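*Asks:* My questions all concern the structure below.
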Amino acid sequence: MAIQTVGIVGAGQMGNGIAHVFALAGYDVLMNDISEDSLTRAMATIDRNIERQVTRGKVTAEAKAEAMARIRTTLKIADLGPCDLIIEAATEKESVKDAIFKALAPHLAANTILTSNTSSISITRLASRTDRPERFMGFHFMNPVPVMQLVELIRGIATDQATWDTLHEVVTRLGKTAASAEDFPAFIVNRILMPMINEAVYTLYEGVGNVKSIDESMKLGANHPMGPLELADFIGLDTCLAIMNVLHEGLADTKYRPCPLLTKYVEAGWLGRKTQRGFYDYRGDAPVPTR
Ligand code: CAA
(Lines give C-alpha, C1' and ligand atoms only; values in the text may rest on other atoms or scores of the structure.)
Protein backbone atom coordinates (compact mmCIF):
# COMPACT_ATOMS: atom_id res chain seq x y z
CA MET A 1 0.00 0.00 0.00
CA ALA A 2 1.39 3.44 -0.94
CA ILE A 3 1.41 5.94 1.91
CA GLN A 4 1.08 9.66 1.17
CA THR A 5 -1.04 11.22 3.91
CA VAL A 6 0.01 10.81 7.53
CA GLY A 7 -2.06 11.74 10.58
CA ILE A 8 -0.23 12.37 13.85
CA VAL A 9 -2.06 12.42 17.18
CA GLY A 10 -0.19 14.49 19.78
CA ALA A 11 1.97 17.54 19.04
CA GLY A 12 4.44 17.13 21.92
CA GLN A 13 8.17 16.37 21.79
CA MET A 14 7.70 13.13 19.82
CA GLY A 15 4.70 14.20 17.69
CA ASN A 16 6.35 17.36 16.38
CA GLY A 17 9.61 15.52 15.65
CA ILE A 18 7.68 12.87 13.70
CA ALA A 19 5.79 15.57 11.75
CA HIS A 20 9.14 17.25 10.98
CA VAL A 21 10.75 14.14 9.42
CA PHE A 22 7.64 13.06 7.47
CA ALA A 23 7.13 16.53 5.97
CA LEU A 24 10.80 16.74 4.94
CA ALA A 25 10.49 13.32 3.29
CA GLY A 26 7.59 14.58 1.13
CA TYR A 27 4.56 13.20 3.02
CA ASP A 28 1.44 15.31 3.64
CA VAL A 29 1.06 15.63 7.39
CA LEU A 30 -2.02 16.39 9.46
CA MET A 31 -1.15 16.93 13.14
CA ASN A 32 -3.84 16.75 15.81
CA ASP A 33 -3.83 17.78 19.47
CA ILE A 34 -6.48 18.71 22.04
CA SER A 35 -4.87 22.09 22.61
CA GLU A 36 -4.49 24.90 20.08
CA ASP A 37 -1.51 26.17 22.10
CA SER A 38 0.31 22.84 21.72
CA LEU A 39 -0.25 22.91 17.97
CA THR A 40 1.07 26.48 17.72
CA ARG A 41 4.11 25.61 19.86
CA ALA A 42 4.74 22.45 17.80
CA MET A 43 4.76 24.41 14.51
CA ALA A 44 7.24 26.91 16.02
CA THR A 45 9.47 24.04 17.23
CA ILE A 46 9.42 22.35 13.82
CA ASP A 47 10.26 25.65 12.12
CA ARG A 48 13.18 26.20 14.53
CA ASN A 49 14.51 22.64 14.19
CA ILE A 50 14.36 22.60 10.38
CA GLU A 51 16.03 26.00 10.40
CA ARG A 52 18.97 24.43 12.33
CA GLN A 53 19.30 21.95 9.47
CA VAL A 54 19.20 24.81 6.93
CA THR A 55 21.92 26.68 8.84
CA ARG A 56 24.12 23.55 8.82
CA GLY A 57 23.59 23.08 5.08
CA LYS A 58 21.70 19.78 5.53
CA VAL A 59 18.39 21.08 4.12
CA THR A 60 17.80 23.84 1.57
CA ALA A 61 15.62 26.86 2.36
CA GLU A 62 13.32 25.76 -0.46
CA ALA A 63 12.92 22.22 0.99
CA LYS A 64 12.17 23.80 4.36
CA ALA A 65 9.42 26.00 2.88
CA GLU A 66 7.91 23.00 1.07
CA ALA A 67 8.01 20.86 4.22
CA MET A 68 6.38 23.56 6.36
CA ALA A 69 3.62 23.93 3.75
CA ARG A 70 2.95 20.16 3.90
CA ILE A 71 2.05 20.26 7.60
CA ARG A 72 -1.53 21.12 8.54
CA THR A 73 -3.01 21.07 12.04
CA THR A 74 -6.45 20.25 13.42
CA LEU A 75 -8.17 20.07 16.79
CA LYS A 76 -10.67 17.50 15.41
CA ILE A 77 -9.40 13.95 15.59
CA ALA A 78 -12.09 12.88 13.06
CA ASP A 79 -10.21 14.86 10.37
CA LEU A 80 -7.44 12.22 10.51
CA GLY A 81 -9.80 9.42 9.40
CA PRO A 82 -8.97 9.46 5.65
CA CYS A 83 -5.17 9.42 6.19
CA ASP A 84 -3.25 6.41 4.83
CA LEU A 85 -1.26 6.09 8.07
CA ILE A 86 -1.99 7.31 11.59
CA ILE A 87 0.72 7.60 14.25
CA GLU A 88 -0.48 8.03 17.81
CA ALA A 89 2.13 9.95 19.82
CA ALA A 90 0.08 11.07 22.81
CA THR A 91 0.76 10.70 26.53
CA GLU A 92 2.25 7.36 27.60
CA LYS A 93 -0.96 6.17 29.33
CA GLU A 94 -2.86 3.16 28.08
CA SER A 95 -6.29 4.68 28.88
CA VAL A 96 -5.44 7.81 26.83
CA LYS A 97 -4.27 5.73 23.86
CA ASP A 98 -7.37 3.51 24.01
CA ALA A 99 -9.62 6.58 24.06
CA ILE A 100 -7.82 7.99 20.99
CA PHE A 101 -8.21 4.78 18.97
CA LYS A 102 -11.87 4.60 20.02
CA ALA A 103 -12.49 8.21 18.92
CA LEU A 104 -10.79 7.54 15.57
CA ALA A 105 -12.64 4.28 14.85
CA PRO A 106 -15.86 5.59 13.22
CA HIS A 107 -13.90 7.89 10.88
CA LEU A 108 -11.19 5.56 9.58
CA ALA A 109 -10.84 4.62 5.91
CA ALA A 110 -10.87 0.84 5.33
CA ASN A 111 -7.16 0.64 4.49
CA THR A 112 -5.77 3.05 7.07
CA ILE A 113 -2.83 1.64 9.03
CA LEU A 114 -2.94 2.48 12.73
CA THR A 115 0.28 2.77 14.71
CA SER A 116 1.41 3.82 18.15
CA ASN A 117 4.70 5.45 19.08
CA THR A 118 4.41 3.89 22.54
CA SER A 119 7.77 3.18 24.14
CA SER A 120 6.57 0.18 26.13
CA ILE A 121 2.83 -0.59 26.13
CA SER A 122 1.72 -3.91 24.60
CA ILE A 123 0.95 -3.49 20.90
CA THR A 124 -1.11 -6.68 20.89
CA ARG A 125 -3.33 -5.35 23.68
CA LEU A 126 -3.79 -1.89 22.08
CA ALA A 127 -4.52 -3.55 18.71
CA SER A 128 -7.06 -5.99 20.17
CA ARG A 129 -9.35 -3.12 21.13
CA THR A 130 -9.45 -1.72 17.56
CA ASP A 131 -11.32 -3.00 14.49
CA ARG A 132 -8.03 -3.72 12.64
CA PRO A 133 -5.44 -5.65 14.69
CA GLU A 134 -3.89 -6.93 11.45
CA ARG A 135 -3.21 -3.36 10.30
CA PHE A 136 -1.93 -2.16 13.67
CA MET A 137 1.75 -1.85 14.65
CA GLY A 138 4.19 -0.28 17.06
CA PHE A 139 6.11 2.51 15.30
CA HIS A 140 8.68 3.71 17.82
CA PHE A 141 10.80 6.78 17.07
CA MET A 142 13.71 7.88 19.25
CA ASN A 143 14.22 11.34 20.71
CA PRO A 144 15.31 13.73 19.14
CA VAL A 145 13.44 12.31 16.14
CA PRO A 146 15.18 14.44 13.46
CA VAL A 147 18.61 13.27 14.66
CA MET A 148 18.20 9.64 15.74
CA GLN A 149 18.64 7.06 12.99
CA LEU A 150 16.57 4.20 14.42
CA VAL A 151 12.86 3.37 14.23
CA GLU A 152 11.63 0.24 16.02
CA LEU A 153 8.93 -1.68 14.15
CA ILE A 154 6.92 -3.76 16.61
CA ARG A 155 4.65 -6.50 15.40
CA GLY A 156 1.58 -7.35 17.46
CA ILE A 157 0.54 -11.00 17.43
CA ALA A 158 -2.05 -10.25 14.69
CA THR A 159 -0.04 -7.78 12.54
CA ASP A 160 0.04 -8.91 8.91
CA GLN A 161 3.15 -8.97 6.73
CA ALA A 162 1.79 -6.36 4.26
CA THR A 163 1.50 -3.82 7.10
CA TRP A 164 5.06 -4.52 8.29
CA ASP A 165 6.37 -4.23 4.70
CA THR A 166 4.56 -0.93 4.17
CA LEU A 167 6.03 0.59 7.35
CA HIS A 168 9.47 -0.73 6.51
CA GLU A 169 9.26 1.12 3.17
CA VAL A 170 8.15 4.29 4.96
CA VAL A 171 11.19 4.12 7.29
CA THR A 172 13.47 3.77 4.26
CA ARG A 173 11.85 6.80 2.58
CA LEU A 174 12.45 8.78 5.80
CA GLY A 175 16.15 7.95 5.41
CA LYS A 176 16.13 6.06 8.71
CA THR A 177 16.88 2.46 9.66
CA ALA A 178 14.27 0.02 10.99
CA ALA A 179 14.85 -2.60 13.68
CA SER A 180 12.21 -5.26 14.02
CA ALA A 181 11.11 -6.13 17.56
CA GLU A 182 8.66 -8.65 18.92
CA ASP A 183 5.92 -7.38 21.21
CA PHE A 184 7.35 -7.95 24.70
CA PRO A 185 7.56 -5.26 27.40
CA ALA A 186 9.59 -2.20 26.28
CA PHE A 187 10.70 -3.92 23.03
CA ILE A 188 14.48 -3.67 22.36
CA VAL A 189 15.85 -0.17 22.98
CA ASN A 190 14.05 0.54 26.24
CA ARG A 191 14.42 -3.05 27.50
CA ILE A 192 18.16 -2.42 27.50
CA LEU A 193 18.41 1.36 28.02
CA MET A 194 16.00 1.80 30.96
CA PRO A 195 17.55 -0.80 33.29
CA MET A 196 20.88 0.97 32.64
CA ILE A 197 19.37 4.36 33.57
CA ASN A 198 17.64 2.78 36.60
CA GLU A 199 20.98 1.26 37.67
CA ALA A 200 22.60 4.70 37.37
CA VAL A 201 19.90 6.04 39.73
CA TYR A 202 20.63 3.16 42.17
CA THR A 203 24.33 4.06 41.93
CA LEU A 204 23.38 7.60 42.97
CA TYR A 205 20.91 6.38 45.66
CA GLU A 206 23.54 4.13 47.25
CA GLY A 207 26.15 6.91 47.19
CA VAL A 208 28.56 5.07 44.92
CA GLY A 209 28.88 8.28 42.91
CA ASN A 210 27.24 11.69 42.56
CA VAL A 211 25.39 13.04 39.50
CA LYS A 212 28.55 14.49 37.98
CA SER A 213 30.80 11.48 38.55
CA ILE A 214 28.19 9.00 37.28
CA ASP A 215 27.54 10.96 34.08
CA GLU A 216 31.21 11.67 33.46
CA SER A 217 32.07 8.01 33.99
CA MET A 218 29.66 6.83 31.32
CA LYS A 219 30.50 9.64 28.87
CA LEU A 220 34.26 9.30 29.13
CA GLY A 221 34.46 5.64 30.14
CA ALA A 222 31.88 4.15 27.78
CA ASN A 223 31.73 6.84 25.07
CA HIS A 224 28.01 7.54 25.58
CA PRO A 225 27.01 10.93 24.06
CA MET A 226 25.12 11.81 27.27
CA GLY A 227 25.53 10.46 30.81
CA PRO A 228 22.63 8.22 31.98
CA LEU A 229 21.23 10.83 34.40
CA GLU A 230 21.44 13.61 31.81
CA LEU A 231 19.72 11.26 29.36
CA ALA A 232 17.01 10.43 31.94
CA ASP A 233 16.31 14.18 32.32
CA PHE A 234 16.19 14.48 28.52
CA ILE A 235 13.69 11.61 28.15
CA GLY A 236 11.62 12.67 31.21
CA LEU A 237 11.82 10.96 34.60
CA ASP A 238 8.07 10.18 34.53
CA THR A 239 8.55 8.32 31.23
CA CYS A 240 11.57 6.44 32.64
CA LEU A 241 9.55 5.41 35.70
CA ALA A 242 6.54 4.38 33.58
CA ILE A 243 8.76 2.16 31.42
CA MET A 244 10.45 0.56 34.48
CA ASN A 245 6.97 -0.20 35.86
CA VAL A 246 5.95 -1.83 32.56
CA LEU A 247 9.13 -3.99 32.67
CA HIS A 248 8.65 -4.84 36.36
CA GLU A 249 4.99 -5.77 36.00
CA GLY A 250 5.20 -7.29 32.50
CA LEU A 251 8.20 -9.53 33.15
CA ALA A 252 7.52 -10.11 36.88
CA ASP A 253 11.24 -10.04 37.69
CA THR A 254 12.59 -8.06 40.66
CA LYS A 255 15.66 -7.06 38.67
CA TYR A 256 13.45 -4.42 37.02
CA ARG A 257 12.25 -2.77 40.26
CA PRO A 258 12.31 1.02 39.86
CA CYS A 259 14.80 2.78 42.14
CA PRO A 260 12.98 4.54 45.04
CA LEU A 261 15.01 7.67 44.29
CA LEU A 262 13.59 7.78 40.74
CA THR A 263 10.09 7.51 42.22
CA LYS A 264 10.90 10.32 44.67
CA TYR A 265 12.02 12.70 41.89
CA VAL A 266 8.81 11.98 39.99
CA GLU A 267 6.70 12.51 43.12
CA ALA A 268 8.42 15.88 43.59
CA GLY A 269 7.43 16.85 40.05
CA TRP A 270 11.14 17.04 39.15
CA LEU A 271 10.68 15.37 35.79
CA GLY A 272 13.85 16.56 34.03
CA ARG A 273 14.26 19.18 31.33
CA LYS A 274 10.56 19.65 30.69
CA THR A 275 9.99 20.91 34.27
CA GLN A 276 13.45 22.54 34.43
CA ARG A 277 14.50 20.26 37.30
CA GLY A 278 15.50 16.63 37.55
CA PHE A 279 18.94 15.21 38.25
CA TYR A 280 20.07 18.64 37.08
CA ASP A 281 18.58 22.08 37.71
CA TYR A 282 18.14 23.84 34.35
CA ARG A 283 16.86 27.17 35.64
CA GLY A 284 20.19 28.98 35.38
CA ASP A 285 22.62 29.48 32.51
CA ALA A 286 24.21 26.02 32.84
CA PRO A 287 22.70 22.80 34.30
CA VAL A 288 23.63 22.28 37.99
CA PRO A 289 23.54 18.75 39.54
CA THR A 290 20.83 18.39 42.21
CA ARG A 291 22.89 15.77 44.11
N1 CAA B 1 16.12 18.79 15.37
C2 CAA B 1 17.04 18.91 14.40
N3 CAA B 1 18.36 18.81 14.63
C4 CAA B 1 18.74 18.60 15.92
C5 CAA B 1 17.84 18.48 16.98
C6 CAA B 1 16.46 18.58 16.67
N7 CAA B 1 15.52 18.46 17.62
N8 CAA B 1 18.53 18.28 18.13
C9 CAA B 1 19.83 18.27 17.80
N10 CAA B 1 19.96 18.47 16.47
C11 CAA B 1 21.19 18.44 15.67
C12 CAA B 1 22.07 19.62 15.88
O13 CAA B 1 21.71 20.70 15.04
C14 CAA B 1 23.44 19.04 15.53
O15 CAA B 1 23.59 18.99 14.10
P16 CAA B 1 25.04 18.80 13.38
O17 CAA B 1 25.48 17.40 13.64
O18 CAA B 1 24.73 19.04 11.95
O19 CAA B 1 25.94 19.81 13.99
C20 CAA B 1 23.36 17.64 16.05
O21 CAA B 1 21.96 17.33 16.14
C22 CAA B 1 23.98 17.50 17.40
O23 CAA B 1 23.36 18.44 18.28
P24 CAA B 1 24.14 19.42 19.26
O25 CAA B 1 25.45 19.83 18.66
O26 CAA B 1 23.19 20.48 19.70
O27 CAA B 1 24.39 18.58 20.57
P28 CAA B 1 25.16 17.25 20.81
O29 CAA B 1 26.28 17.03 19.90
O30 CAA B 1 25.35 17.27 22.27
O31 CAA B 1 24.05 16.13 20.45
C32 CAA B 1 22.22 14.73 20.92
C33 CAA B 1 22.76 16.15 21.00
C34 CAA B 1 22.04 14.33 19.46
C35 CAA B 1 20.85 14.79 21.60
C36 CAA B 1 23.23 13.75 21.62
O37 CAA B 1 23.55 14.22 22.88
C38 CAA B 1 22.69 12.34 21.73
O39 CAA B 1 22.73 11.57 20.80
N40 CAA B 1 22.18 12.00 22.94
C41 CAA B 1 21.59 10.68 23.19
C42 CAA B 1 20.18 10.67 22.67
C43 CAA B 1 19.50 9.36 22.93
O44 CAA B 1 20.04 8.41 23.48
N45 CAA B 1 18.25 9.31 22.49
C46 CAA B 1 17.44 8.14 22.69
C47 CAA B 1 16.62 8.33 23.90
S48 CAA B 1 15.66 6.90 24.22
C49 CAA B 1 14.30 7.11 23.33
O50 CAA B 1 14.05 8.09 22.67
C51 CAA B 1 13.37 5.99 23.43
C52 CAA B 1 12.29 6.14 24.41
O53 CAA B 1 11.24 5.60 24.15
C54 CAA B 1 12.45 6.80 25.71
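*Asks:* State the three equivalent ellipsoid semi-axes of the stretch 191-289, derived from the C-alpha gyration tensor as the square roots of 5 times its eigenvalues, in descending order and whole Å. Write down the numbers at each step before the final one.
*Replies:* Details: eigenvalues 87, 51, 26 Å².
Here the semi-axes work out to 21, 16, 11 Å.
*Asks:* What percentages make up the Cα-Cα pair-distance distribution of the stretch 65-150 when the bins are 10 Å wide from 0?
*Replies:* 16, 47, 31, 6
*Asks:* Kindly flag which residue pairs out of 102/176; 212/274; 176/255 have an alpha-carbon separation exceeding 23 Å in this structure.
*Replies:* Values: 102/176 30 Å; 212/274 20 Å; 176/255 33 Å.
From 102/176; 212/274; 176/255, over 23 Å: 102/176; 176/255.
*Asks:* Could you check how much of the accessible area of the chain is carbon and sulfur, as a whole percent, using a 1.4 Å probe? Numbers along the way, then the final one.
*Replies:* On the way: 7370 of 13680 Å².
Answer for the chain: carbon and sulfur cover 54 percent of the accessible area.
*Asks:* How large are Rg and Dmax for the chain when only the alpha carbon atoms are used, in Å?
*Replies:* Using the Cα atoms of the chain, the pair Rg, Dmax is 19.2, 56 Å.
*Asks:* At a Cα cut-off below 16 Å, give the aspartates and glutamates reachable from residue 58, other chains included and same-chain residues fewer than 8 away excluded.
*Replies:* Reachable aspartates and glutamates: 47, 66.
*Asks:* Can you compute log10 of I(q)/I(0) for the stretch 1-124 with the Debye formula, treating each Cα as one identical point scatterer, at q = 0.13, 0.21 Å⁻¹?
*Replies:* -0.50, -1.18
*Asks:* Could you put 58, 255 in order of accessible surface area, largest first, with the 1.4 Å probe and the full protein assembly present?
*Replies:* On the way: 58 160, 255 130 Å².
Greatest to least solvent exposure: 58, 255.
*Asks:* List the relative contact order of the stretch 191-289 as a percent without decimals, with contacts defined as Cα pairs under 8 Å and 6+ residues apart.
*Replies:* Values: 119 pairs, mean separation 26.2, N = 99.
Reported as a whole number, the value is 26 percent.
*Asks:* For the stretch 153-252, which chymotrypsin sites (Phe, Trp or Tyr not before Pro) are in a loop by DSSP, counting at most 13 other Cβ atoms within 10 Å?
*Replies:* On the way: sites: 164, 187, 202, 205, 234; in loops: 187.
Passing both the DSSP loop test and the Cβ count: no residue.
*Asks:* Follow-up. At what distance in angstrom do the alpha carbon centres of the stretch 174-250 and the stretch 30-87 lie from each other?
*Replies:* Here the two parts' Cα centres lie 29 Å apart.
*Asks:* Express the relative contact order of the stretch 84-186 as a whole percentage, based on alpha carbon pairs under 8 Å and six or more residues apart in sequence.
*Replies:* On the way: 168 pairs, mean separation 25.0, N = 103.
Taking the mean separation of contacting Cα pairs over the length of the stretch 84-186, I get 24 percent.
*Asks:* Report Rg(Cα)/(2.2 N^0.38 Å) for the stretch 240-286, keeping two decimals. Don't skip to the answer; put the middle values down first.
*Replies:* Values: Rg = 13.0 Å, N = 47, 2.2 N^0.38 = 9.5 Å.
Here the Cα radius of gyration is 1.37 times the empirical estimate.
*Asks:* What is the packing order of peptides 104-111, 11-18, taking the mean over residues of other C-beta atoms within 10 Å and listing the highest first? Let's see the in-between values first.
*Replies:* On the way: 104-111: 13.9, 11-18: 23.4.
Ranked by mean Cβ neighbours within 10 Å, highest first: 11-18, 104-111.
*Asks:* Hey, what did the chain get for relative contact order, percent, Cα under 8 Å, at least 6 apart?
*Replies:* Values: 511 pairs, mean separation 37.8, N = 291.
Relative contact order for the chain comes out at 13 percent.
*Asks:* Pull out a ≥ b ≥ c, the square roots of the eigenvalues of the alpha-carbon gyration tensor of the stretch 164-247, then state rounded if a/c is under 1.5, prolate if not and a/b is larger than b/c, and oblate in the remaining case.
*Replies:* Working: a/c = 3.03, a/b = 1.86, b/c = 1.63.
Prolate.
*Asks:* Taking loop as defined by DSSP and a crowding limit of 14 other beta carbons within 10 Å, which GluC sites (Glu not before Pro) in the stretch 190-291 fit?
*Replies:* Details: sites: 199, 206, 216, 230, 249, 267; in loops: 206.
Here the sparse-neighbourhood loop sites are 206.
*Asks:* Kindly report the accessible area of the stretch 86-125 per residue (heavy atoms of protein chains, probe 1.4 Å, no ligands, DNA or RNA), in Å².
*Replies:* Numbers: 1510 Å² over 40 residues.
Counting only protein heavy atoms, the per-residue value for the stretch 86-125 is 38 Å².
The values are calculated or read from the model by the stated rules, or taken from the named source; none is laboratory data. Quick caveat: nothing in here was measured; it's all calculated off a predicted structure. Neighbour counts run over all protein chains shown; Cβ positions are idealised from the backbone, glycine included. Remember, those area values only see protein heavy atoms, side chains included, never the ligands or the DNA or RNA. Shrake-Rupley method; radii C 1.70, N 1.55, O 1.52, S 1.80 Å.
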